[in-house]
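One structure is given here, and the rest of the page talks about it.
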Amino acid sequence: SMKMTDEQVAPLAPELQLKQQFLLKLASKDYEAALQLTQEILKIDPHNPEAREFQPLLFRRIQRLAMEAREQAEYEKEEEETEEEEEEEEEEEEGEDEEEDNENDEATTTTTTTTVTPSESE
């Protein structure tokens, strides 16, 4: 009774093929093809957990990539110049912040030590 008959095994084959294709598309970052394959898998197996889990993730990923691609196209011309400038500015700012922090630390430590009142005076 443990042995599956041919009829029981047959329906699994296309689903396994689809899953294999799905994983390949996922690995090669072909998200739109992967999304279509999740739909194919769900036609055969509506409760397939992987397909159900990945479908919304892929959908969001594709939308985000589309958005990024549009933005990329807009910025492409000036992108290289501005990126380098921004990085330099950020480094300078960080250096300044660190110096300020050190001063603040000293100030707070000195004030806390001076304002400690002996508990006897209460």
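Derivation of every value follows stated rules applied to the coordinates shown; laboratory data play no part. Just so we're clear, the structure is a prediction, and the values are computed from it rather than from any experiment. Note: ideal-geometry Cβ built from the backbone for every residue, glycine included; neighbour counts use all protein chains shown.
Laid out as a table, the results:
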item: Approximate spin-label separation M67-E50, in nm, with each point projected 7 Å along Cα-to-Cβ; result: 2.8
item: Cβ-defined net charge surrounding L65, 12 Å radius [Lys, Arg +1; Asp, Glu -1]; result: +1
item: Spin-label pair E32/L16, simplified geometry with 7 Å Cα→Cβ offset, distance in nm; result: 3.1
item: Length released on extending from L57 to K43, taking residue separation times 0.36 nm less the Cα-Cα span; result: 3.2 nm
